[in-house]
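The values are calculated or read from the model by the stated rules, or taken from the named source; none is laboratory data. Worth saying up front: this structure is predicted, and the values here are computed from it rather than measured. Note that each Cβ is placed from the backbone with ideal geometry, even for glycine, and that neighbours are counted across all protein chains shown.
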Amino acid sequence: MSKSVISYKIEDEQNKIRYLKKINNEFNRDILSLKSDQKILFIYDKNIAKSIIGDLKLNLKLTGNKVFFKEIEGKKTNKNIKNLLNLFDLLIEKKFTKNSIIISCGGGVIGDMCGLLSSLYLRGAIYLHIPTTMTAIVDSCIGGKTGINYKNLINSMGNYYHPKRVYILENLIQSIPHREYYSGFSEIIKCGLIGNKKIINLLKKKQILKKRENNQILSKIILETLKTKIKFFKNDVKERNERLYLNFGHTFAHAIEMSTESIIKKDYFRHGEAVGIGMLCEILFSNNGKKK
């Protein structure tokens, strides 16, 4: 097995994460290997670089499948029931079946909503995901959590549904804006603190926060983070035991996000930024407010 591929099983289903320098024939072969009806809906965030989306569209067309495209802006307010139902309408209109493929390309908003769409449409379509923010790349792209926000509650509608394939693209990482890139490191640090000292050592020694161009080290950090997350959720998908460790920082983070959005009426904090603050809050709270 290649070092750039992670395989893991959930309920006897084989899932894979592929780390690629850019979209290539490996992606096309994966699409063709799936037992599909050769229909694809490609849902992507409008903020992704047009050159990358262009390459993805071209490769999808080269598979010979019938491909439909849907552009959505990946902001938190779009993670709602209206957009979910609009996507349902499109699947029905184009006569998709449960053997059709849904591919999402975006951050947590697009991934969560498309994962839910895939799980609900005819009780489960084939789902693939291409994460495009650092937080999505190192965290939300796997684990199976899907959802939309409803009645001002984060992820109040959702379930668990795992993408059969996740593709992490190195050229896409290089296009991530600085703020989005750095906000994802909260989830990386979290996995280092709860279960993988190798991550912390890589962060300390290689100064990856300052030198994004070191792709070899960055790929190691990303893959180690994903392996750590898999370790915590693969035998506890529904968060009854070990997976709860992955929520470190998130209780405060969701409160921070909801309160600031309610007051300021916009995405003031990135999710990763809120998680970073949340981890500090939880560490302080666990020490009864005493600084150490």
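A few remarks follow.
- Pick from the range 256-276, criterion of a type in the set (A, V, I, L, M) and exposed (fewer than 14 other Cβ atoms within 10 Å of the Cβ), ranking: nearest to Lys75 (Cα to Cα): Ile264
- For the range 223-255, the candidate set comprises residues that are part of a helix (DSSP H, G or I) and of a type in the set (D, E, K, R); within that set, the residue that is surrounded by the fewest Cβ atoms within 10 Å (Cβ to Cβ) is Glu242.
- Residues of the range 162-174 include at least one that is closer than 30 Å to Leu85 by Cβ and either surrounded by fewer than 17 Cβ atoms within 10 Å (Cβ to Cβ) or over 13 Å from the mean Cα position of the chain (by Cα) (or both).
- Residue match in the range 109-116 (condition: without any contact (Cβ under 8 Å) to a residue 40 or more places away in the chain, assigned by TED's automatic domain parsing to the domain that holds Ile53 and farther than 22 Å from Phe88 by Cβ): no
- Cβ separations smaller than 8 Å between residues 6+ apart or across chains give the following pairs from the range 131-151 residues that are farther than 24 Å from Leu218 by Cα to residues that are assigned to a helix (DSSP H, G or I) and of a type in the set (Asp, Glu): Lys145/Asp112; Thr146/Asp112; Gly147/Asp112; Ile148/Asp112.
- Filter result (farther than 30 Å from Ile199 by Cα and in contact with a helix residue (DSSP H, G or I) (Cβ under 7 Å, 6 or more places away or on another chain)) within the range 125-148: Ala125, Ile148
- Residue in the range 209-222 that is closer than 25 Å to Gly158 by Cα, among the β-branched types (Val, Ile, Thr) and at pLDDT below 95 present: no
- There is at least one residue in the range 183-197 that is buried (at least 22 other Cβ atoms within 10 Å of the Cβ), more than 29 Å from Asn25 (Cα to Cα) and polar (S, T, N, Q).
- Scanning the range 17-42 for residues that are in contact with an Asp or Glu (Cβ under 8 Å, 6 or more places away or on another chain) and either surrounded by 16 or more Cβ atoms within 10 Å (Cβ to Cβ) or within 18 Å of Pro163 (Cα to Cα) (or both) yields a total of 4.
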